[in-house]
Amino acid sequence: MDTHVDGKHQHAKSGKLYTYDAEYSVDNGDIRWRARVQQGEDVCATPDGTIATGTPAAEAIAEQAVRDAVVTAIDQLDDVSGP
C-alpha cells in the first residue's frame, strides 16, 4: 500500500509556513515514509523514517502518524528567525 499525504505546517519557533508532501507504505505494522518539505518554492528538507506501530491496525492510523512525523521533522529544522 503506497499512499500520499500533503499539508501545511507553521514552524513552532519561527512561525514560517511550510508545505509538505509525503509518500508512505505500511508493511507488517511498520509505516515507512519520506517527505519533501518546502518553504515557498524552495525544498529545504527531505526527512524520512519508519514508525514501528506494533499493531495490526497500522493502516488505519498511518496517515495521521505520517502527518505527525512530518510536523515533528519540520519543527526540528534549524529555523529560529522570524518570518
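Throughout, read-outs are computed from the coordinates displayed, never taken from laboratory work. For clarity, every value in this text was computed on a predicted model and none was experimentally measured. Cβ atoms come from the backbone with ideal geometry, glycine included; neighbour counts cover every protein chain shown.
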Positive dipole terminus of the chain, leading residue within 46, 11, 62 (C-beta point charges): 11
Overall Cα dimensions of the chain, principal axis frame, Å, largest first: 42, 21, 15
Neighbour counts of other C-beta atoms within 10 Å: give me 5, 70 arranged from fewest to most. 5, 70
Tell me the angle of helix 58-75 to the major Cα principal axis of the chain, expressed in degrees between 0 and 90 and rounded to the nearest ten. 20 degrees
Please identify, among 69, 60, 35, the residue showing maximal mean-square fluctuation in a Gaussian network model of the chain using a 10 angstrom Cα cutoff. 60
Using helices alone, what [θ] at 222 nm do you get for the chain, with -39,500 (n - 2.57) per DSSP H run of 4 or more residues, divided over all residues and rounded to the nearest 500? -7500 deg cm²/dmol
Loop GluC sites (Glu not before Pro), the chain (other Cβ atoms within 10 Å of the site Cβ: 12 or fewer; DSSP): 41
Choose one answer from 37, 66, 26: the residue with the largest mean-square fluctuation in a GNM of the chain with alpha-carbon springs under 10 Å. 26
Taking 14, 25 and counting other beta carbon atoms within 10 angstrom, the fewest-first order is 25, 14
Segment 2-75: relative contact order as a whole-number percent, Cα under 8 Å and 6+ apart: 28 percent
